[in-house]
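Structure, as structure tokens:
The values are calculated or read from the model by the stated rules, or taken from the named source; none is laboratory data. Fair warning: this is a prediction, and the values are worked out from it, not measured in the lab. Here the Cβ positions follow ideal geometry from the backbone for every residue, glycine too, while neighbour counts run over all protein chains shown. In case anyone asks, the SASA skips ligands and DNA or RNA and just uses the protein heavy atoms, side chains included. Shrake-Rupley method; radii C 1.70, N 1.55, O 1.52, S 1.80 Å.
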Amino acid sequence: MSKTKFNVAVVGATGAVGEQIIGLLEKRDFPVDKLKLLSSARSAGTVLNFKGQEITVEEAGPDSFEGIDIALFSAGGDVSKELAPHAVRHGAVCIDNTNAFRMDPTAPLVVPEVNADQIDKHQGIIANPNCSTIQMVAALKPLYDSYGISRIIVSTYQAVSGAGAKAINEMLRQSKEVLEGRDANPDILPVGSLPVKHQIAFNAIPQIDKFQDNGYTLEEMKMVRETKKIFGDEDIAVTATCVRIPVIYGHSESVYVELKNDYELEEVKQLLAESPGITLVDDPAAQAYPLATDAAGKNDVFVGRVRRDLGNARGLNLWIVSDNLLKGAAWNAVQIAEIIAAKA
Ligand code: NAP
Ligand code: 3JN
């Protein structure tokens, strides 16, 4: 039976990612029949607008998903673990923005530009990768296909919005405190397992998420594991250093890749320029390269500073920037929903 309109639920509708999902469903004219907006009890009763219609946010629970075709989750991993199975039980396909199911072998981990073919293999849950992984693998896909990739060394420069609205407010408050000659009072960042906090204003914090026993942070390990799963290639060597910087929207990444085969620099640039979802901004003569301020609010992944490693002819450096709440979360999820809808 083919469907033309879908009942859609957004879990975490009042959050930073949820807000972007609702905006994209409207902007992309997604074929929504009924839209159900869900949050915790804290925001239940809030009225949100969708296509000129007022929708009252409801508290999410196991029975929220009756009649729902597609459920988009961005309310944290614990909520996904508890409620996504109930959504599946009611017949919904879940697209989950959290870490809860990313490494679950039954859940495809999808970036449409890389592995859209995995979507059909879902058993009710499709996982959206971490924002830092999404923009990197989207940019590297054309190089992976043309030359093969043996090694990736990535350093990220991540926006505070990745840690939620409270982190944005903290950065703005601290900036004011420092500019006024007062002490910055750290309260939120880094998000980790200890109550130790550091100044983010005018600073760079080399910790995103909790430390693991191996000395890497969880964000860094997400990049390692998710990259291998998305490419379906356990042999790619990936090492990451994830850093929080005082930018509001847009993650930037310095990425070094070792290709398996020889390449021509101009061919690499052409491949990137021709790839869907990628915008090449690479003109040193004009001092043109991707900037977080330009990427903010846009769906694409921006790539520039493309240059050969002077010590390794198969080594390549790139600068990759994207809006962490759009391609890094909401847009990737809505893209997956669009593919599901087109096939239904
Ligand atoms: P946020 O702004 O803090 O929003 C959290 C949302 O979850 C709010 O709508 C909140 O509702 C809802 N929520 C919290 N507890 C809930 C519960 N028990 N039941 C139902 N809803 C609940 O956070 P965010 O920045 O949007 O991020 C949300 C999640 O998305 C993150 O925890 C993360 O897992 C994921 N995320 C993924 C990426 C990525 O890299 N793909 C990027 C950012 C975030 P209330 O208004 O009622 O509190
Ligand atoms: O910090 C960032 O820039 C990205 C943060 C993502 C995030 C934040 C809280 C919980 C995640 C994620 O998507 O991996 C999670 C989580 O789901 O574990």
Out of I230, I236, I278, I need the residue that is more than 16 Å from ligand 1 (Cβ to nearest atom), within 21 Å of S150 (Cβ to Cβ), of a type in the set (A, V, I, L, M, F, W, C) and open to solvent by less than 50 Å² (accessible area, probe 1.4 Å). Which one? I236
K34 fails exactly one of the following numbered conditions: (1) over 23 Å from the mean Cα position of the chain (by Cα); (2) charged (D, E, K, R); (3) within 16 Å of ligand 2 (Cβ to nearest atom). What is the number of that condition? (3)
It is to be established whether one or more residues within segment 132-151 are within 30 Å of R314 (Cα to Cα), in contact (Cβ under 8 Å) with a residue 24 or more places away in the chain, of a type in the set (D, E, K, R) and touching a strand residue (DSSP E or B) at 6+ places or on another chain (Cβ under 8 Å). yes
If I filter segment 139-161 down to residues being among the hydrophobic types (A, V, I, L, M, F, W, C) and within 16 Å of ligand 2 (Cβ to nearest atom), which single residue comes out as nearest to the chain's Cα centre (by Cα)? A159
Is it true that some residue in segment 321-328 is in contact (Cβ under 8 Å) with a residue 24 or more places away in the chain, under 21 Å from V17 (Cα atoms) and part of a strand (DSSP E or B)? yes
Residue that is at pLDDT below 95, within 16 Å of ligand 2 (Cβ to nearest atom) and not in a loop (DSSP other than H, G, I, E, B), where the choices are K166, K229: K166
Looking at (1) assigned to a loop (DSSP other than H, G, I, E, B); (2) over 26 Å from the mean Cα position of the chain (by Cα); (3) more than 20 Å from I336 (Cβ to Cβ), which one does K3 not meet, given that it meets all the others? (3)
Got at least one residue in segment 15-32 being part of a strand (DSSP E or B), polar (S, T, N, Q) and at negative phi? no
Which is under 21 Å from A127 (Cβ atoms), within 12 Å of ligand 1 (Cβ to nearest atom) and under 23 Å from the mean Cα position of the chain (by Cα), of I70, I22? I22
Residue tally, condition under 21 Å from the mean Cα position of the chain (by Cα) and over 12 Å from V160 (Cα atoms), over segment 170-206: 2
Kindly indicate the residue of segment 204-224 that is open to solvent by 30 Å² or more (accessible area, probe 1.4 Å) and in contact with a helix residue (DSSP H, G or I) (Cβ under 9 Å, 6 or more places away or on another chain) and also farthest from ligand 2 (Cβ to nearest atom) among those meeting that condition. N214
